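A.B. asks: One structure is given below, represented as structure tokens, and several questions about it will come after.
Bear in mind that the values in this text are calculations on the coordinates, not laboratory data. Here the structure is a predicted model, which means the values were calculated and not measured. Note that each Cβ is placed from the backbone with ideal geometry, even for glycine, and that neighbours are counted across all protein chains shown.
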Amino acid sequence: MFLLSNSQAIYISLLIIGVILVILIFIFLLYKNILSKKRIKKITMNRLYRFANVNDYLLLNNYKIQIDDKNEGVIDHLLITDRFIFVIHDFNLSGVIEGRYFDEQLNAVINKEEKYIANPMNYNRNMAKRLALYQGLDNSYLKGIVVINNDTIVNIDEIPEQYAIVKANKLIKTIKKMDGIKIKPFKEDTIVEFINLLNKENENKKQ
């Protein structure tokens with residue numbers, strides 16, 4: 001029978017404890033990331049719901065667009081006001097994000113680690129353009145917003161007035177500012193036709 005010395009037993013015990021701690025930390029970080037994703041989406045949805053309800057605007061969540069025969073795109077939140085259609089996406093982004101609006105990737109410092117991430121504003125812009133094409137809408141009536149975590153520091157240059165990237169606590173203020181731009185309101189028949197199309201699509205999805 002092989003017996004361990006006290007020092008060997010202590011070493012093995014510490015090794016086991018270390019492995020367990022690493023596993024627990026990994027599980028915690030994974031769970032935290034999942035919760036953060038759900039949290040930013042829930043916060044955005046709740047803020048938009050209250051805003052839409054107070055102003056009698058139309059809000060659709062998780063609106064799908066057919067990109068081609070095999071692929072679909074998703075608009076997290078579609079807000080229709082008296083003047084504009086807001087295409088809104090929420091992203092779980094924390095840390096420091098830098099770059100230019102049209103860059104394919106942004107420079108990010110997350111948890112003191114520098115990396116490159118896909119530019120979320122590209123997806124937002126593409127989905128807005130796809131919506132205009134898909135529904136035959138005038139692109140000038142569309143506004144795109146990317147919503148990120150409140151603790152994110154953002155330095156992105158060359159953002160067109162038609163688009164924005166904002167922290168969750170600045171979302172409604174940003175919508176009000178973008179919606180206040182002087183422009184002729186929707187023609188009544190145009191917005192009614194668009195809403196009818198949306199309702200028809202929703203009915204088809206339920207069948």
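A.B. asks: On a 18 Å Cα-Cα criterion, which of the cross-link pairs Lys41/Lys64; Lys143/Lys176; Lys64/Lys170; Lys143/Lys173 come out too long?
C.D. replies: Violating the 18 Å Cα-Cα cut-off are Lys64/Lys170.
A.B. asks: Using the beta-carbon distance between Glu72 and Ile16 and R0 = 41 Å, what value does 1/(1 + (r/R0)^6) give for FRET efficiency, to the nearest 0.05?
C.D. replies: 0.30
A.B. asks: Now for a different question. What length, rounded to one decimal in nm, is gained on full extension from Tyr101 through to Ile153, with 0.36 nm per residue of separation minus their alpha-carbon distance?
C.D. replies: 17.2 nm
A.B. asks: Report, by chain and number, residues whose modeled amide H sits under 5 Å from the one on Ile85, excluding near sequence neighbours (fewer than 5 apart, same chain).
C.D. replies: Leu142, Lys143
A.B. asks: Still on this structure, I have one more. Given points 7 Å out from each Cα along the Cα-Cβ axis, report the Glu113 to Asn61 separation in nanometres with one decimal.
C.D. replies: Label at Glu113, label at Asn61, 3.0 nm between them.
A.B. asks: Around Arg100, which amide H atoms from residues at least 5 apart in sequence, or from another chain, sit under 5 Å from its own amide H, with H modelled in the peptide plane?
C.D. replies: Here Asp157 satisfy the definition.
A.B. asks: Neighbouring Cβ atoms within 10 Å as the yardstick, rank Phe194, Phe91, Phe86 fewest first.
C.D. replies: Final ranking by Cβ density, sparse to dense: Phe194, Phe91, Phe86.
A.B. asks: So, one more: Only bridges whose two residues both fall in the range 39-206 count here: according to DSSP, what percent of them are antiparallel, nearest 5?
C.D. replies: Taking every DSSP beta bridge with both residues in the range 39-206, the antiparallel ones total about 55 percent.
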